[in-house]
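The values are calculated or read from the model by the stated rules, or taken from the named source; none is laboratory data. This is a predicted model, so every value here is computed, not measured. We place every Cβ from the backbone using ideal geometry, glycine too, and count neighbours over all the protein chains shown. We work out accessible area using only protein heavy atoms, side chains counted, and drop any ligands, DNA or RNA first. Shrake-Rupley method; radii C 1.70, N 1.55, O 1.52, S 1.80 Å.
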Amino acid sequence: YFIQSNLSEVAMSQIRYPVILITVAAVVFVMYGFVAGLFTLLNIPPNPCQMTYMFQMPQYIPVPVADSPSSKYSLFVYGEGAYAESLKEGQFSGIPVLFLPGNAGCYKQVRSLASMSYRMFYDLHKAHHFNYFTVDFKEELSGLYGGLLYSQSDFVVAAIRSIRSLYTHPTKVILIGHSMGGLVARSVFLHPDFDEDSVDIVLTLSTPHNTPPFNFEWNIHSFYGLVWHHLNFEWSIHSFYGLVYLASFQLRVEYTLLFRVSKFGNIPSKAITCINGQF
């Protein structure tokens, strides 16, 4: 009995020490996370962005897409008040802008851009205004599965054709892509049915251009590879576009004209970096 008791105490002590170490490690880990989180909260940079307000009821007017490759996606144009009524009557006279939401993004995110743009045109009596279109990707998780990026790209190409058909004069579309939508905006130039004269400016907001947010799926890895290969080696000298990156709360804008290697030789890219949002 004495030997058995001693063995039990030895066994309990062998179990007790690892449990104590694990508990101490867990407490230290939690405290470290708490301190790191508190430090992050106390050092958040101020947000210089101002709230946008609507002065009239926002409306998202459906726009039919001819030869649409997917029935699950939809195209809308944003309008307010009398301006929305003119759009319903087919009066498109501005510069078309197409907004592409990102991973789990909603097409109604275009409201801030479109409403503020319309308000500036109305208040400042500008000569030109923008017609903001937006695509409903059904809030798909395109950042997790690359197959969705391919289907979204196909639909965007068809949407661009339909948008241009609404105008009585030749026009080009400005693409604005948020998050993964920025990558989709760049990918349309790879599509065999895409007209390179239909887009000349691509604006991306917080788009992960270099690597996927979750690089554990083959389709998304392949999609990134195709986009970067086209960007670096297959750009036509006769068709260039402006590519603008916006990221974080720092109002630092990088504007880059991207050209492609052709038989005429290498044309160096031209980069203009601006501070405080001023070109």
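Filtered by the rule that a residue be open to solvent by 30 Å² or more (accessible area, probe 1.4 Å), of a type in the set (A, V, I, L, M, F, W, C) and touching a residue at least 12 places away in the same chain (Cβ under 8 Å), the stretch 175-217 gives Leu190, Ile201, Leu203, Leu205, Phe214. Determine whether Leu124 is on the phi < 0 side of the Ramachandran plot, surrounded by fewer than 21 Cβ atoms within 10 Å (Cβ to Cβ) and not β-branched (Val, Ile, Thr). So Leu124 passes the test. One residue stands out in the stretch 218-241 among those that are more than 18 Å from Val156 (Cβ to Cβ) and surrounded by 15 or more Cβ atoms within 10 Å (Cβ to Cβ): the one that is modelled with the lowest pLDDT, namely Phe240.
Criterion first (of a type in the set (S, T, N, Q) and open to solvent by less than 10 Å² (accessible area, probe 1.4 Å)) does Ser115 satisfy it? Against the criterion (of a type in the set (S, T, N, Q) and open to solvent by less than 10 Å² (accessible area, probe 1.4 Å)), Ser115 qualifies. Of all the numbered requirements in (1) touching a residue at least 24 places away in the same chain (Cβ under 8 Å); (2) more than 20 Å from Val156 (Cβ to Cβ), Lys138 misses one, and that requirement is (2). Tell me, which residue of the stretch 62-79 that is part of a loop (DSSP other than H, G, I, E, B) and either touching a strand residue (DSSP E or B) at 6+ places or on another chain (Cβ under 7 Å) or of a type in the set (A, V, I, L, M) (or both) is least open to solvent (accessible area, probe 1.4 Å)? Out of the qualifying residues, it is Tyr73. Selection of first residues in the stretch 81-99 that are closer than 17 Å to Gln56 by Cβ and of second residues that are of a type in the set (A, V, I, L, M, F, W, C) and open to solvent by less than 10 Å² (accessible area, probe 1.4 Å), restricted to Cβ pairs under 8 Å at least 6 apart or on distinct chains, gives the following pairs, ordered by first then second residue: Leu87/Val77.
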